[in-house]
Amino acid sequence: GPSRQSGRFVDFAVPEKEPWTIYAATGSGGLWKSVNNGTSWDPIFDNEAVISIGDIAVAATDPKIVWVGTGEHTSSRSTYWGDGVYKSVDAGKTWTNMGLKDSQHIGRVLIDPKDPNIVYVASLGALYSQNDERGVYKTIDGGKTWTKSLEVKADGRMVGAADLAMDPA
C-alpha cells in the first residue's frame, strides 16, 4: 500500500460484493483506494477539510456506500483531529460531511448489515480537553440526524467511546 505517502494505517475495508476493491485509511495521510487487489492505489479524500482518518466502513448491502470517521483514534502526541463523519454514495468519488463535527476523533463506524441508513459511531472526543460530543451515536436516516445512544459521565466529565462491535445477525 501507499505507506510512504501516508504513514500509519488505522483501518481497511473491503466490500463483500467487490473483494478486489480495498480502502485503506491512514491516521495522518488520508484515504486510499485500490480496485485491482492492491496493485495500485489512488488517494480519494484529498479534497476534504481533514486528512486524519479514524475508521472506514462499507455497507454490506451496497458497495457504493462508504462512511469515514475522521480524526485518528490512536491517543498519542502525534494524533491529528478530524471534523466528524463523511459519507460517499458513489464509492468514494465525492464526500459529504454528515455531522458530529466536534467529535474530533472517531474510533469506529458500523453500518447495519441489512439497512445502510442505520449507522453507529464511537466518538472519543477531544483527547486532552473536555467536550460533549463523546460517546456512541446512531443515525437511522443515513446521517441526516444523530442520536446519542450511549453517554457516560465520570466525575462530571464525558467519557469517549473508542470501539464498537456488532453481531452481523
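The values are calculated or read from the model by the stated rules, or taken from the named source; none is laboratory data. Not measured: the values here are computed from a predicted model. FYI the Cβ positions are ideal-geometry reconstructions off the backbone, even for glycines, and counts take in every protein chain you see. Please note that ligands, DNA and RNA were not included when accessible areas were found on the heavy atoms of the full protein model with its side chains. Shrake-Rupley method; radii C 1.70, N 1.55, O 1.52, S 1.80 Å.
Inspection of region 15-33 finds a residue satisfying the criterion of being assigned to a strand (DSSP E or B), buried (at least 23 other Cβ atoms within 10 Å of the Cβ), among the β-branched types (Val, Ile, Thr) and over 10 Å from the mean Cα position of the chain (by Cα). Note on region 146-169: among residues that are touching a Gly at 6+ places or on another chain (Cβ under 9 Å), part of a loop (DSSP other than H, G, I, E, B) and charged (D, E, K, R), the one that is farthest from GLY82 (Cα to Cα) is GLU151. Within region 146-158, residues that are within 14 Å of ASN131 (Cα to Cα) sit with their Cβ atoms under 6 Å from residues that are not in a strand (DSSP E or B), at 6+ positions apart or across chains, in these pairs: ARG157/GLN130; MET158/ASP132; MET158/ARG134. State all residues of region 70-106 that are aromatic (Phe, Trp, Tyr) and modelled with pLDDT under 85; if no residue qualifies, say none. Answer for region 70-106, where residues must be aromatic (Phe, Trp, Tyr) and modelled with pLDDT under 85: TYR80, TRP81. Condition check: small (Gly, Ala, Ser), on the phi > 0 side of the Ramachandran plot and in a loop (DSSP other than H, G, I, E, B). Does GLY143 satisfy that? For GLY143, the condition - small (Gly, Ala, Ser), on the phi > 0 side of the Ramachandran plot and in a loop (DSSP other than H, G, I, E, B) - is met. In region 35-121, counting only strands (runs of 3 or more DSSP E) that sit wholly within it, the ones holding 1 or more residues that are open to solvent by 20 Å² or more (accessible area, probe 1.4 Å), within 24 Å of THR145 (Cβ to Cβ) and in contact (Cβ under 8 Å) with a residue 12 or more places away in the chain span 53-58, 85-88, 106-111. Once region 137-162 is narrowed to residues that are basic (Lys, Arg) and farther than 25 Å from ASP115 by Cβ, the residue that is surrounded by the most Cβ atoms within 10 Å (Cβ to Cβ) is ARG157.
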